[in-house]
Amino acid sequence: MKNLIFLVSLLFVLFACSSERAELPPPNIVWLVSEDNSPFLGCYGDEFASTPNLNKLAQIGVKFNNTFANAPVCAPSRSTIISGMYATSMGTQHMRSENPTPKFMKFFPCYLKKAGYYTTNRIKKDYNTTDQDSVWDNSDWWGWKDAFIGREKDQPFFMMYNTWMSHEGKIHPNTDDWEYFHGTMKDHGIDSTTYQKWWDEAKHDPELVPIPPYHPKTKEMKRDWARYYDCVELMDREIGVLIEKFKQDKLLENTIIFYFSDHGGVIARSKRFVFDSGLRVPMLLYVPEKYQHLVDYEMGSETDRVVSFVDLAPTVLRLAGIEIPDYCEGVAFTGEQTKAEKEYAFGFRGRMDERYDLVRTVRDKRFRYIRNYMPHRIYGGKVRYLWRAKSIQSWEAEFKKSTLDEKQSAFWQSKAVEELYDIRNDPHNVNNLADDPKYKEDLLRLRNVLQKHMKETRDLGFVPEAEMIRRYKGSTPYDFIRSDNFPFDRVMETANLATEGNNENLKFLIDRLSDEEPVVRYWAAMGCAILKEKAKSAAKDLINLLEDESPSVRIAATEALYNLGEKEKAINTLLEVINLPEMGKEETPSNIELYSNHFAITQALNVIDALNIDTEAIRKVVKRIADAERAGMRDYDKRIAEDLLLKFGM
């Protein structure tokens, strides 16, 4: 009888709890998003960091130890965040591209808005594609007082709060760091005495700052590292202000809060690069008591679960009780549709502003595997915005003076085809184990996992940017690469063999130089460029490619031929490419031909720079490009042309 009474009582309690939960309103969901910072937080064990507010959030929430951006730079990273799809699936992998995304894909706040949520975003979008309507109710605000304009009483909300106090630009000379901090605190209603005190306290000693082993301890390097810790501290103050605002307005008990950075950073060899320093980010999750039944974690705990940014959109949708669209390539890592824990996080590097590269990576809980598809290019290709920092300028100067050790010099040298790092013993990714037989099993496993992922997602990075734009005309990159007549497997096979740098593959490459698909021909020519003088027997076929329909193929052939001594033919073809009709200041990407030409010219200028080509004819055209007017973010040819003029001494 007692057992029966107990069971009835238990069922009554469970029913009451279930009914109470069913009556709960949808939770508010907030993203607090900083920029460009790796886990430089006290709660992640960084003893040099001063981050009391985020430390406290970690104490009352969940700390994720294995969270990764899918791209190590803002716009491609945010493209994945807003869509729930890999940027490499959509053709948004290159920095500041403006290619259309598939028509079925909706930025995920659209689904929240349709379900009755108020959606609010602080200024920054940077989605690396054409913006969509009906995403945000409010996206043009700076301070707290304007964050909820137009929101109905008790309407659930989703907020994306972007802070750029920790952005890379804050360590540059003549930075706007004080203007940003002062303006933000003022608009949040913080009195000037308080925020001036916070500013004055954020001073880290350059002589005590920890420097990773790949950086030389120059005065400028130590100064930038210390200043960056200052910026992270001030970012933490800003996050603390926001959390306090939620408390004051009695919103915290109904609000799920995520904090994360949009990718790693920020000193050279972190942001823009696919090491852990560029892709691993901090992520904290706080869930108020009444909504803790929605998540799979205890507050005050930590987890080693592998999470990447492609998982963020589906996770938020499930927390809001919204079905996850079938096209999402990520999985919810908490909530009702949580799937089995993922083993791997994938990352990529494409064009970084004016510099081309192609790198893919996969990470599990212990290892990071990297595959370089342009191994003949150095890591440290000059990106103008990166070079504004005095730290990288001093690093380059020390390399030129031959004062660096092997680990510090590697950034200025060509890459290995494959890299493998044991994160447990090598958190800075400086000891490449790819050739160590003890790790062969892990190398093969991760190599195969990455290859499978690239094929499943139809990775658009394997189509040269100018060619991709030329081919998707009237459609989208996503649709183009999934068309029945595009031989993706043959492209991947060619790219893999071409970039091994193995002259035993030359016969295969020569055969592929006459393939019917331009992208296959491109990779075959690229393979010959990597082989340099070992590709001599391919010269005749490469010369034929100088008349190819695809500018990208012609450019790859010129590099191979220049290495084989056919310099005049190569230079003449490069001149033809950099003289293609170009985008003017008023042109837009809707002019597909000119938009494609822009990136073909940028690709050709990369080759001219890499091969140190300097003739009067080249100088004349380069100067014309450097002097031309371009619209912002459509000036990559102009940027590299201006750098070439400096190199030429003009």
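Considering segment 1-103, the qualifying helices (runs of 4 or more DSSP H), each wholly inside and each with 2 or more residues that are at pLDDT 95 or above and assigned by TED's automatic domain parsing to the domain that holds Val135, run over 52-60, 74-83, 87-90. No other residue among Tyr373, Tyr344, Tyr356 is surrounded by fewer than 24 Cβ atoms within 10 Å (Cβ to Cβ), hydroxyl-bearing (Ser, Thr, Tyr) and either free of Cβ contacts under 8 Å to residues at least 24 places away in the same chain or farther than 24 Å from Glu441 by Cα (or both) apart from Tyr356.
Output yes when any residue across segment 585-602 is assigned to a helix (DSSP H, G or I) and more than 28 Å from the chain's Cα centre (by Cα), and no when none is.
no
Against the test of being part of a loop (DSSP other than H, G, I, E, B), closer than 20 Å to Pro52 by Cα and in contact with a helix residue (DSSP H, G or I) (Cβ under 9 Å, 6 or more places away or on another chain), the options Pro210, Pro206 yield a single qualifying residue, Pro210.
Strands (runs of 3 or more DSSP E) fully within segment 253-322 that include at least 3 residues being crowded, with 23+ Cβ neighbours inside 10 Å, touching a residue at least 24 places away in the same chain (Cβ under 8 Å) and assigned by TED's automatic domain parsing to the domain that holds Ser34: 255-261, 280-286.
Under the condition of being at pLDDT 95 or above and in a loop (DSSP other than H, G, I, E, B), the residues counted in segment 338-364 number 10. Being at pLDDT 95 or above and in contact with a strand residue (DSSP E or B) (Cβ under 6 Å, 6 or more places away or on another chain) is a condition met by no residue of segment 484-498. Reported count of residues in segment 340-367, each being over 16 Å from the mean Cα position of the chain (by Cα) and not acidic (Asp, Glu), is 6.
The residues of segment 139-150 that are surrounded by 18 or more Cβ atoms within 10 Å (Cβ to Cβ) and either among the hydroxyl-bearing types (Ser, Thr, Tyr) or touching a residue at least 60 places away in the same chain (Cβ under 8 Å) (or both) amount to a single one, Trp144.
Only a single item in (1) surrounded by fewer than 18 Cβ atoms within 10 Å (Cβ to Cβ); (2) over 21 Å from Asp357 (Cβ atoms) is not met by Gly501, and it is number (2). If you check Tyr562, Tyr595, Tyr636 for being in contact with a Ser or Thr (Cβ under 7 Å, 6 or more places away or on another chain) and either in the same structural domain as Arg512 (by TED's automatic domain parsing) or aromatic (Phe, Trp, Tyr) (or both), only one passes: Tyr636.
Any idea how many residues of segment 20-56 are surrounded by 21 or more Cβ atoms within 10 Å (Cβ to Cβ) and either touching a His at 6+ places or on another chain (Cβ under 7 Å) or acidic (Asp, Glu) (or both)? Within segment 20-56, residues that are surrounded by 21 or more Cβ atoms within 10 Å (Cβ to Cβ) and either touching a His at 6+ places or on another chain (Cβ under 7 Å) or acidic (Asp, Glu) (or both) number 2. Within segment 341-360, the set of residues being among the hydroxyl-bearing types (Ser, Thr, Tyr) and over 22 Å from Tyr522 (Cα atoms) comprises Tyr344 only.
Would a scan of segment 393-403 turn up a residue that is farther than 20 Å from Ala498 by Cα, outside any loop (DSSP other than H, G, I, E, B), of a type in the set (A, V, I, L, M, F, W, C) and touching a helix residue (DSSP H, G or I) at 6+ places or on another chain (Cβ under 7 Å)?
yes
Kindly indicate which of Thr163, Thr218 is β-branched (Val, Ile, Thr) and outside the structural domain of Leu312 (by TED's automatic domain parsing). Spell out the reasoning first.
On the way: Thr163 fails: outside the structural domain of Leu312 (by TED's automatic domain parsing).
On inspection, the qualifying residue turns out to be Thr218.
Test Gly335 against the criterion of being assigned to a loop (DSSP other than H, G, I, E, B), on the phi > 0 side of the Ramachandran plot, in contact (Cβ under 8 Å) with a residue 24 or more places away in the chain and buried (at least 17 other Cβ atoms within 10 Å of the Cβ), and give yes or no. Against the criterion (assigned to a loop (DSSP other than H, G, I, E, B), on the phi > 0 side of the Ramachandran plot, in contact (Cβ under 8 Å) with a residue 24 or more places away in the chain and buried (at least 17 other Cβ atoms within 10 Å of the Cβ)), Gly335 qualifies. Give segment 433-444 a look and list any residue that's assigned to a helix (DSSP H, G or I) and surrounded by 15 or more Cβ atoms within 10 Å (Cβ to Cβ), or say none. Hits for segment 433-444 are Tyr439, Asp442, Leu443.
On the basis of being of a type in the set (A, V, I, L, M), within 28 Å of the chain's Cα centre (by Cα) and part of a helix (DSSP H, G or I), does Val232 make the cut? Judged against the criteria, Val232 is a match. Only residues that are acidic (Asp, Glu) and either at pLDDT below 95 or within 22 Å of Glu329 (Cα to Cα) (or both): list them for segment 277-310, please. Across segment 277-310, the qualifying residues are Asp296, Asp304. Within segment 211-229, if we keep just the residues that are over 25 Å from the mean Cα position of the chain (by Cα) and surrounded by 13 or more Cβ atoms within 10 Å (Cβ to Cβ), the residue that is farthest from Lys400 (Cα to Cα) turns out to be Arg223.
For segment 57-71, filtered to residues that are in contact with a strand residue (DSSP E or B) (Cβ under 7 Å, 6 or more places away or on another chain) and over 20 Å from Phe367 (Cα atoms), the residue that is surrounded by the fewest Cβ atoms within 10 Å (Cβ to Cβ) is Ile60.
Tallying residues that are of a type in the set (Asp, Glu), within 27 Å of Pro375 (Cα to Cα) and touching a residue at least 24 places away in the same chain (Cβ under 8 Å) within segment 598-641 yields 3. Mind listing just one residue for me: the one in segment 106-138 that is closer than 20 Å to Ser590 by Cα and out of contact with any Cys (no Cβ under 8 Å at 6 or more places or on another chain) and, of those, surrounded by the fewest Cβ atoms within 10 Å (Cβ to Cβ)? Top of the filtered list is Asp133. In segment 455-476, the condition of being outside the structural domain of Phe599 (by TED's automatic domain parsing) and surrounded by fewer than 16 Cβ atoms within 10 Å (Cβ to Cβ) is met by at least one residue.
The values are calculated or read from the model by the stated rules, or taken from the named source; none is laboratory data. Keep in mind that this is a model prediction, so the values were computed, not measured. Glycine gets a Cβ as well: all are built from the backbone with ideal geometry, and neighbour counts include every protein chain shown.
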